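Reviewing the structure listed below.
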Amino acid sequence: MTRIIATLLAFVLAAAAPAYAQTYNLTLSGASPGGLWSLLGAGVDGAVRAAYPGSVVTYQTSGGGIANIVIVDRGEAQMGLAHAQELKMALDGVEPFKAPVKSMRAIAYLYTWAPMHLIVTKDFADKYGLKSLADIKAKKAPARIAINKRGNIAGDVSVAMLEAAGITEQDLESWGGKLVYAASGEQSDLLLNRRIDMVDNSLFVGHSSVRKIDESLDVVMLSVPKDIADAVNAKMSTEPFTIPANSYKNQKEAVETITLSAGLVVNENMSDDDAYTLTKALYENIDKIQAVHGSMKALTKELMASMTVVPYHPGAVRYLKEAGLLKTN
């Protein structure tokens with residue numbers, strides 16, 4: 001009788017156990033190593049591990065959000081990070097996409113605060129009197145400017161900023177400067193080694209790569225004039241952003257610039273149950289994502305549930321309804 005009771009009890013406990021007590025082995029396609037997305041990859045991994053011990057989220061480097069949309073669309077990774085701007089490009093089927101990509105489904109918006117940092121060595125800025133992006137053209141400064149790699153939206157935004165300021169790559173070269181295409185992790189070393197004069201990249205305020213520069217070299221931050229910002233925002237769907245005063249060593253005043261936003265997406269073919277459990281893991285372990293960088297402390301569940309450029313996966317919608325976070329269908 002005792003054995004029968006024990007067997008029945010074990011059966012009842014098994015039936016009452018969480019339906020999602022399992023492990024996951026997932027791949028998240030991000031961007032270059034050392035950039036802010038690698039931090040987010042660590043946060044997603046931490047959240048999934050916390051919810052489902054023994055699980056692994058492998059961070060896969062790529063060319064950025066445009067590449068990730070293609071990778072996730074093809075089923076070569078279960079998850080991808082992408083900027084809202086890139087997702088809109090995919091939906092519209094504009095270059096570099098050859099046709100609309102409509103398979104992306106949102107799991108979470110992750111940030112709207114990755115401003116473009118225009119970091120210039122102080123001696124170069126002082127020599128040419130640079131205080132804003134517009135001054136580079138006005139002074140025909142021979143700036144060697146590092147921007148993100150081709151195919152990365154931050155690099156595309158950098159090019160759009162230069163174009164809005166009336167600066168072409170040919171202009172820079174004619175003045176004695178040049179554009180250098182480099183991943184986020186390479187840019188700080190290039191500046192510290194004086195192989196470039198300026199970095200123009202999308203980074204969290206206080207990101208380690210900027211701190212590395214700020215602690216080792218005297219630099220200044222250029223502002224983006226309103227007319228240039230407005231032109232780029234209209235073209236690239238970026239938004240205005242203010243880097244607070246004293247965020248960096250020599251930055252005594254607030255700096256006006258523009259910002260990118262990004263989120264986590266999956267393929268519409270992901271099962272509803274997997275999308276549900278993944279969403280649940282991220283939202284209920286939001287602290288793991290918030291902990292990856294000081295700027296991520298601003299992340300809230302409400303923001304995570306606020307992406308509008310692509311629809312949320314039905315499995316994510318199921319969780320968001322349960323959590324009372326769903327604002328729109």
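Would you say Gly129 is on the phi > 0 side of the Ramachandran plot and not charged (D, E, K, R)? Before you say what the answer is, go through the steps one by one.
Values: on the phi > 0 side of the Ramachandran plot: yes; not charged (D, E, K, R): yes.
Judged against the criteria, Gly129 is a match.
Within the range 27-59, if we keep just the residues that are in a helix (DSSP H, G or I) and either over 14 Å from the mean Cα position of the chain (by Cα) or among the charged types (D, E, K, R) (or both), the residue that is nearest to Asp156 (Cα to Cα) turns out to be Asp45. Would you please name the residue that is farthest from Asn152 (Cα to Cα), looking only at residues in the range 192-219 that are more than 22 Å from the chain's Cα centre (by Cα) and buried (at least 22 other Cβ atoms within 10 Å of the Cβ)? By that ranking, first place goes to Val219. The lone criterion from (1) outside any helix (DSSP H, G or I); (2) buried (at least 19 other Cβ atoms within 10 Å of the Cβ); (3) in contact (Cβ under 8 Å) with a residue 60 or more places away in the chain left unmet by Ser62 is number (3).
Here's the yes/no breakdown for (1) in the same structural domain as Ala31 (by TED's automatic domain parsing); (2) over 16 Å from Leu203 (Cβ atoms):
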residue: Ala234; (1), (2): no, yes
residue: Val265; (1), (2): yes, yes
residue: Lys280; (1), (2): yes, yes
residue: Gly294; (1), (2): yes, no
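Just the residues that are surrounded by fewer than 16 Cβ atoms within 10 Å (Cβ to Cβ) and either modelled with pLDDT under 95 or touching a helix residue (DSSP H, G or I) at 6+ places or on another chain (Cβ under 8 Å) (or both), please, taken from the range 303-322. Break it down stepwise before answering.
Here is the first cut: in the range 303-322, the residues surrounded by fewer than 16 Cβ atoms within 10 Å (Cβ to Cβ) are 308, 314, 321-322.
If the condition is that a residue be surrounded by fewer than 16 Cβ atoms within 10 Å (Cβ to Cβ) and either modelled with pLDDT under 95 or touching a helix residue (DSSP H, G or I) at 6+ places or on another chain (Cβ under 8 Å) (or both), then Thr308, Pro314 are the ones that fit.
Rundown of residues vs (1) hydrophobic (A, V, I, L, M, F, W, C); (2) over 30 Å from Met221 (Cα atoms), yes/no style:
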position	(1), (2)
Pro33	no, no
Leu39	yes, no
Gly46	no, yes
Tyr52	no, yes
Gln78	no, yes
Leu81	yes, no
Pro115	no, no
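Report yes if some residue within the range 241-251 is farther than 22 Å from Ala84 by Cα and in the same structural domain as Ala82 (by TED's automatic domain parsing); otherwise report no.
Taking the range 241-251 and keeping what is farther than 22 Å from Ala84 by Cα, we get 244-251.
The next check asks that each one be in the same structural domain as Ala82 (by TED's automatic domain parsing); those that pass are none.
Scanning the range 241-251 turns up no residue that is farther than 22 Å from Ala84 by Cα and in the same structural domain as Ala82 (by TED's automatic domain parsing).
Residue-level analysis places Leu133 among those that are in contact with a helix residue (DSSP H, G or I) (Cβ under 7 Å, 6 or more places away or on another chain) and in the same structural domain as Val232 (by TED's automatic domain parsing). Among the candidates Ile258, Ile289, the residue that is among the hydrophobic types (A, V, I, L, M, F, W, C), in contact (Cβ under 8 Å) with a residue 40 or more places away in the chain, part of a helix (DSSP H, G or I) and surrounded by 15 or more Cβ atoms within 10 Å (Cβ to Cβ) is uniquely Ile289. Taking the listed residues Ala234, Ala134, Ala146, Ala164, the one that is within 22 Å of the chain's Cα centre (by Cα) and buried (at least 17 other Cβ atoms within 10 Å of the Cβ) is Ala146, with no other qualifying. No other residue among Met198, Met161 is farther than 23 Å from Ala82 by Cβ and not polar (S, T, N, Q) apart from Met198.
The values are calculated or read from the model by the stated rules, or taken from the named source; none is laboratory data. Here the structure is a predicted model, which means the values were calculated and not measured. Counting neighbours? That spans all protein chains shown, and the Cβs are built from the backbone with ideal geometry, glycine included.
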